[in-house]
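Enquirer: Just passing along the structure, written as structure tokens.
FYI, it's all coordinate maths here, none of it is from the lab. Keep in mind it's a predicted model, so treat the numbers as computed, not measured. With ideal geometry, Cβ positions are generated from the backbone for all residues, glycine too; neighbour counts draw on all protein chains shown.
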Amino acid sequence: MTDLIDRQKLSYIAAQAADARLNVELETEGMTLNIGPQHPATHGTLRIIVRLDGEQVVWADPSAGYMHRGYEKLTEVRTFPQVTTLINRIDWLGSFANEVPFILAAEQLMDIEAPPRAQWIRTILFELSRIANVSLFLGDLGVQLGAITPVFMAFRDREYVLNLIEGATGGRFHPNFDRIGGLKDDLPKGWIDETRQVMKKLRNFCDEIENLLFGNKIFQDRTRGIGVIPPAVAQQYGLSGANLRASGVDWDLRRDQKIALAYDKVDFKVWTHPDGDSFARCWIRLQETREATKIVDQLLDGIPSGPVMAKVPRIIKVPEGEAWVSTENPLGEMGYYVVSQGDLGPFRVKIRTASFNNISIVPWVLRGVYVPDVITILASLYFILGDIDK
Amino acid sequence: MPALASDTLREDIVDKLRAAIGDQLLDVKLVPGTDLWARVATEAWRDTGLALRDQGFHYFCFLSAIDWLPSPYGRGEDDPTEPAPERSTEIVHGYTGGETRFQVFARVTDIERHVGVTVKADVPEVAAGESPVIDSWVTNYAGANWHERECHEMFGIRFAGHPDLRNMYLPTEFEGYPLRKDFPLLARHVKPWPGIVDVEPLPGEGDESAEAAAGEGASE
């Protein structure tokens, strides 16, 4: 590990030398290509400037910031309960999952714990956001590679999950359902049975995608061995979630961290893949979606009765202190560093989003790849612009 | 996971860190079974990253800064037509204390031992108009690159040794550092926060006296 920097330097020098040689041999002239800001592979507006030598990328620079909304500043003029409205919009495909770490951080500072039923429902909704988020990725993946069908299948089946989220919380995209001390409401009648049905449909969807896309020769050729990230580099850049596990690092905050959610009550497998290439990243996400449906099933079976809200003061003042809580969100590790000075609102909130770190590796990973692979690598890293720009 | 076991785990981290950087480890806060904070001297900031990485903290989580100055604009709820109220400018530091207005802090995780640590360092005060400087972590963790760029544009802290401190979000010609506490949130100055006039009684409240008591921190 300590010689990593040296190795990186050496590989950089080697890459530079190879580029120079290529230039001399072929007498090629570099060109600069602008990918984005509007491109289907970018889930928002991300611009990537690549310098090309022939078909090969020699330098790449992602340029974010088209969607910077200044949430860290805005949290400083909000009260604690108001903050969830903002942070819902960070990763807009898995909104409920954004609320959970912030609420847990506030609860840690206030030293209260949500009742068991609230924790279980939180975990169920958390996993439903994961399914809603990642199923769109699985459909969208086909589009990047020229296949249109998967995206229709994804939108068809994702709709069932969004309906469930809407049924429980009242909001399809931005539930704003989590409260300090518990949840806004209990589950509606009949929701549990319906969720079981939907989870079956989603497992069928995963099978369909696996057969249609992952077994496809074109898909395999375009993703296998492309954009390989070794585990040491992945950790250095703080890659998290499926991107980290695809590099063979067995790390999942749901399993490896003591946290006030019901993950220790269920039995699930953390998938890893040794290859670290684009295929591995996509494959891990597929497995995780299927695993999430199983987690939801188990949670539905054992959901305890009782209240969904702990006794909390009506005016929420959070005592002085600092807390860091992160959870395994659909895109990776998302956490909030909350500093409170005993006021109605936070003094400072540092929002650590998964996509920010996941995309910071792009200049490293794109060096030396070919232009069509840029799109598959970006798609497989899977980011959401709201999650980069905050 | 029993609390006692993780306690020795975190104490061991502190011991190893102290062995690496000596008395430049200024302060430690340990909440057993929960988390660990450490503050190091400014000069030891880069060595701290290196020592932690060698100790097994290979996973870089984030790096950012805190401006401990109390906001001169309060919570942005002042009536713009009234003269601004007097506010305390006394700096109150959080865990592990501090001596300066700006602190950088970073978090790294050890994936083998399932433990993370937050380290902080003071950023030395400078004359008005100059940028405070601290060493960069890019040589310790390549992932610190973007975090330091973000921190530079938001707080105006320069990182010595960083290869490229371009803005990430803001236009190049943007003036000011938005996350500093003395940078006004302009939206609140242009249009007052509707919460000032829109005071609805909370459910079950009924009378005005509870409204006044709310400001005093009444609970229940």
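Enquirer: Could you tell me whether the range B:57-69 includes any residue that is away from every other protein chain (no Cβ under 12 Å) and either within 23 Å of A:Ser247 (Cα to Cα) or assigned to a loop (DSSP other than H, G, I, E, B) (or both)?
Expert: First, the residues of the range B:57-69 that are away from every other protein chain (no Cβ under 12 Å): none.
Checked the range B:57-69: no residue is away from every other protein chain (no Cβ under 12 Å) and either within 23 Å of A:Ser247 (Cα to Cα) or assigned to a loop (DSSP other than H, G, I, E, B) (or both).
Enquirer: Restricting to the range B:86-141, what's the tally of residues that are in contact with a Phe, Trp or Tyr (Cβ under 6 Å, 6 or more places away or on another chain) and within 15 Å of B:Gly49 (Cα to Cα)?
Expert: Looking only at that region, the number is 11.
Enquirer: Would you please name the residue that is farthest from A:Asn357 (Cα to Cα), looking only at residues in the range A:294-325 that are part of a strand (DSSP E or B) and in contact with a helix residue (DSSP H, G or I) (Cβ under 6 Å, 6 or more places away or on another chain)?
Expert: Here is the first cut: in the range A:294-325, the residues part of a strand (DSSP E or B) are A:309, A:321-325.
This time we only want the ones that are in contact with a helix residue (DSSP H, G or I) (Cβ under 6 Å, 6 or more places away or on another chain), so: A:321, A:323, A:325.
On the way: A:Gly321: 26, A:Ala323: 21, A:Val325: 17 Å.
Applying the filter and picking the extreme gives A:Gly321.
Enquirer: Output the number of the condition that B:Glu112 fails; it satisfies all remaining conditions of (1) in a loop (DSSP other than H, G, I, E, B); (2) within 14 Å of chain A (Cβ to nearest Cβ); (3) within 17 Å of the chain's Cα centre (by Cα).
Expert: In the conditions (1) in a loop (DSSP other than H, G, I, E, B); (2) within 14 Å of chain A (Cβ to nearest Cβ); (3) within 17 Å of the chain's Cα centre (by Cα), B:Glu112 misses (3) alone.
Enquirer: Has the range B:123-132 got at least one residue that is within 14 Å of another protein chain (Cβ to nearest Cβ), surrounded by fewer than 18 Cβ atoms within 10 Å (Cβ to Cβ) and farther than 24 Å from B:Leu36 by Cβ?
Expert: First, the residues of the range B:123-132 that are within 14 Å of another protein chain (Cβ to nearest Cβ): none.
Checking the range B:123-132: not a single residue is within 14 Å of another protein chain (Cβ to nearest Cβ), surrounded by fewer than 18 Cβ atoms within 10 Å (Cβ to Cβ) and farther than 24 Å from B:Leu36 by Cβ.
Enquirer: Quick one: would you say B:Arg75 is assigned to a loop (DSSP other than H, G, I, E, B) and more than 10 Å from every other protein chain (Cβ to nearest Cβ)?
Expert: On the way: assigned to a loop (DSSP other than H, G, I, E, B): yes; more than 10 Å from every other protein chain (Cβ to nearest Cβ): no.
So B:Arg75 fails the test.
Enquirer: Given the structure, is B:Gly56 within 24 Å of A:Leu253 (Cβ to Cβ) and surrounded by 13 or more Cβ atoms within 10 Å (Cβ to Cβ)?
Expert: Numbers: within 24 Å of A:Leu253 (Cβ to Cβ): yes; surrounded by 13 or more Cβ atoms within 10 Å (Cβ to Cβ): yes.
In short, yes.
Enquirer: Hey, among the residues in the range A:252-268 that are more than 8 Å from chain B (Cβ to nearest Cβ) and not in a helix (DSSP H, G or I), which one's nearest to the chain's Cα centre (by Cα)? Explain how you work it out, then say what you get.
Expert: Let us first name the residues in the range A:252-268 that are more than 8 Å from chain B (Cβ to nearest Cβ), namely A:252-255, A:259-268.
Those still in the list that are not in a helix (DSSP H, G or I) too: A:252, A:259-261, A:266-268.
Working: A:Asp252: 12, A:Ile259: 19, A:Ala260: 20, A:Leu261: 18, A:Val266: 21, A:Asp267: 22, A:Phe268: 19 Å.
Filtering first and then ranking leaves A:Asp252.
Enquirer: So which of A:Val318, A:Val233, A:Val249 ends up being buried (at least 19 other Cβ atoms within 10 Å of the Cβ), within 12 Å of chain B (Cβ to nearest Cβ), more than 20 Å from the chain's Cα centre (by Cα) and at negative phi? Explain how you work it out, then say what you get.
Expert: Values: A:Val233 fails: more than 20 Å from the chain's Cα centre (by Cα); A:Val249 fails: more than 20 Å from the chain's Cα centre (by Cα).
Going through A:Val318, A:Val233, A:Val249 in turn, the sole match is A:Val318.
Enquirer: To continue, here is another question. Name, by its number, the condition in (1) buried (at least 22 other Cβ atoms within 10 Å of the Cβ); (2) more than 14 Å from every other protein chain (Cβ to nearest Cβ); (3) not hydroxyl-bearing (Ser, Thr, Tyr) that does not hold for A:Asp301.
Expert: Answer for A:Asp301: the failing condition is (1).
Enquirer: Criterion first (buried (at least 23 other Cβ atoms within 10 Å of the Cβ), more than 11 Å from every other protein chain (Cβ to nearest Cβ) and part of a strand (DSSP E or B)) does A:Glu333 satisfy it?
Expert: Values: buried (at least 23 other Cβ atoms within 10 Å of the Cβ): yes; more than 11 Å from every other protein chain (Cβ to nearest Cβ): no; part of a strand (DSSP E or B): yes.
In short, no.
Enquirer: Still on this structure: Can you tell me which residue is surrounded by the fewest Cβ atoms within 10 Å (Cβ to Cβ) among those in the range A:54-84 that are within 13 Å of chain B (Cβ to nearest Cβ), part of a helix (DSSP H, G or I) and of a type in the set (Ser, Thr, Tyr)? It would help to see each step written out before you state the result.
Expert: Initial filter on the range A:54-84 (within 13 Å of chain B (Cβ to nearest Cβ)): A:59, A:61-83.
Adding the requirement that they be part of a helix (DSSP H, G or I) leaves A:71-75, A:80-83.
Subsequent filtering for residues that are of a type in the set (Ser, Thr, Tyr) retains A:71, A:75.
Details: A:Tyr71: 19, A:Thr75: 24.
Looking at residues that are within 13 Å of chain B (Cβ to nearest Cβ), part of a helix (DSSP H, G or I) and of a type in the set (Ser, Thr, Tyr), I get A:Tyr71.
Enquirer: Now for a separate question. If you scan the range A:285-295, which residues turn out to be among the aliphatic types (A, V, I, L, M) and either surrounded by fewer than 23 Cβ atoms within 10 Å (Cβ to Cβ) or closer than 13 Å to A:Ser135 by Cβ (or both)?
Expert: Pass one, the range A:285-295, residues among the aliphatic types (A, V, I, L, M): A:286, A:292, A:295.
The answer is A:Leu286, A:Ala292.
Enquirer: Could you run through the range A:146-203 and say how many residues are of a type outside the set (A, V, I, L, M, F, W, C) and assigned to a helix (DSSP H, G or I)? Break it down stepwise before answering.
Expert: Restricting attention to the range A:146-203, the residues satisfying the condition of being of a type outside the set (A, V, I, L, M, F, W, C) are A:146, A:149-150, A:156-160, A:163, A:166-167, A:169-172, A:174-176, A:178-179, A:181-182, A:184-186, A:188-190, A:193-197, A:200-201, A:203.
Going one step further and asking which of them are assigned to a helix (DSSP H, G or I), we end up with A:149-150, A:156-160, A:163, A:166-167, A:169, A:193-197, A:200-201, A:203.
Matching residues across the range A:146-203 total 19.
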